[in-house]
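See below for the structure under consideration.
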Amino acid sequence: SNQKGSGTYSVAADGAVTMQGFPDDAGQAFVGVLSSSGDLLVLANTDEADDQFVGTMVRAGFSYTARDLSGDYQAVLYGTGDAGATREAFLGSFTFDGRGGFTYSGTSSNSASGASLPMDPAAGAAYYLNSSGMGFLDFGSGDILNVAVLDGGGAAVLAEITSGQEYGVLLKVPPASPPAVDPAAEEASCFAGGWR
């Protein structure tokens, strides 16, 4: 349903945030943290056992395309299963091709069985981003996660609320740095070999 409203918030020097006034929870305070860049806000409300909330807000202002979500990302996802009684977690990696396709691999575990199950790369998985950096990941198996990209593609947050409830974060793996070069050794190598 459509919602509108207003509220109040405060931000402490260490980035801690308190927000109050959401339409469905006017009497409850949400707490969270603001990133040092001011581009990402993570909020949570865990006061009531049967009404827990975790959410993120990403600053608008960039213009994104599929190319901005590309390369290798480390991933952490956490949530509940379809029945809501089990807790599930995923640790692994995603690779995005910058053209709307992705693969992933990692290990999934849940509180019901305690088992850790390897996750195979998705077949036919695809993703879409609009210009605001919001979009979705379609795993090709009926599972779809909402995604919000931030920091020019340096990170992304994920959420799924259609069957179970899952939340996660993707952090881009920086490219490998070239090996450090010792200037003295490099200069000496210029004179290696035979000379006349």
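The values are calculated or read from the model by the stated rules, or taken from the named source; none is laboratory data. On a predicted model such as this, the values are computed, not experimentally measured, just so you know. All Cβ positions, even for glycine, are placed from backbone atoms using ideal geometry, and neighbour counts span all protein chains on display.
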Checklist line | Lone unmet requirement of (1) among the basic types (Lys, Arg); (2) in contact with a Gly (Cβ under 8 Å, 6 or more places away or on another chain); (3) modelled with pLDDT under 85 for Arg196 | finding: (2)
Note to self: Please count how many residues of segment 93-133 are of a type in the set (Gly, Ala, Ser), at pLDDT below 75 and in a strand (DSSP E or B).
What the structure shows: 1
Checklist line | Residues of segment 80-92 satisfying the condition of being surrounded by 15 or more Cβ atoms within 10 Å (Cβ to Cβ) and at pLDDT below 80 | finding: Thr80, Gly81, Glu88
Item checked: Filter result (of a type outside the set (Val, Ile, Thr), in a loop (DSSP other than H, G, I, E, B) and farther than 17 Å from Ser37 by Cα) within segment 134-172 -> Phe139, Gly140, Ser141, Gly142, Asp143, Ser163, Gly164
Next item on the list: Just name the residue that is modelled with the lowest pLDDT out of those in segment 10-66 that are surrounded by fewer than 16 Cβ atoms within 10 Å (Cβ to Cβ) and part of a helix (DSSP H, G or I).
Entry: Pro23
Checklist line | Test: residue in segment 185-192 that is outside any loop (DSSP other than H, G, I, E, B), at pLDDT below 85 and in contact with an Asp or Glu (Cβ under 8 Å, 6 or more places away or on another chain) | finding: no
Next item on the list: Return the only residue of Leu69, Leu150, Leu77, Leu145 being among the aliphatic types (A, V, I, L, M), crowded, with 16+ Cβ neighbours inside 10 Å and modelled with pLDDT of 90 or more.
Entry: Leu69
